[in-house]
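A short worksheet on the structure shown next.
The values are calculated or read from the model by the stated rules, or taken from the named source; none is laboratory data. As the structure is a prediction and not an experimental result, all values here were calculated from the model. Cβ placement follows ideal geometry from the backbone for every residue including glycine, while neighbour counts extend to all protein chains displayed.
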Amino acid sequence: MPNYIFSTPYVEEGISSTERLFIFRKRRVGKSVVKKNGTYSVVRFPLDPNVETYQEFYQGGAKHVVSEETKTALIAANIGITESNFIAE
């Protein structure tokens, strides 16, 4: 069974300012994906004590190796993850 490299979803953020140049400066900020009680969800700011309670935890902004089964489950969870979040290893 092939493995895949999973990139978590992200949002593009900019600096809050009235200066015109800051309007154009954006950066990608990764969102974490967690599985708790059998349900996947996207978490923007996971709390450190909660990380140990998750069945699965994929840190935002990082790349993770996942199986085909996990890939299928993440896409089926309907939380904004698509084929474009995966690259065949």
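Here is how the numbers come out for the structure above:
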quantity: Identity of the residue in segment 41-89, of a type in the set (V, I, T) and modelled with pLDDT under 95, that ends up farthest from I5 (Cα to Cα); calculated: T53
quantity: Residue in segment 47-55 that is among the aliphatic types (A, V, I, L, M) and surrounded by 13 or more Cβ atoms within 10 Å (Cβ to Cβ) present; calculated: yes
quantity: Single match in T39, T70, T8, T18 (criterion: more than 13 Å from the chain's Cα centre (by Cα) and surrounded by 14 or more Cβ atoms within 10 Å (Cβ to Cβ)); calculated: T70
quantity: Strands (runs of 3 or more DSSP E) wholly inside the chain that include at least 1 residues being in contact with a helix residue (DSSP H, G or I) (Cβ under 8 Å, 6 or more places away or on another chain); calculated: 3-7, 10-14, 32-36, 39-43, 56-58, 63-67, 86-88
quantity: Segment 1-31 - residue that is among the polar types (S, T, N, Q) and at pLDDT 95 or above and, of those, farthest from N78 (Cα to Cα); calculated: N3
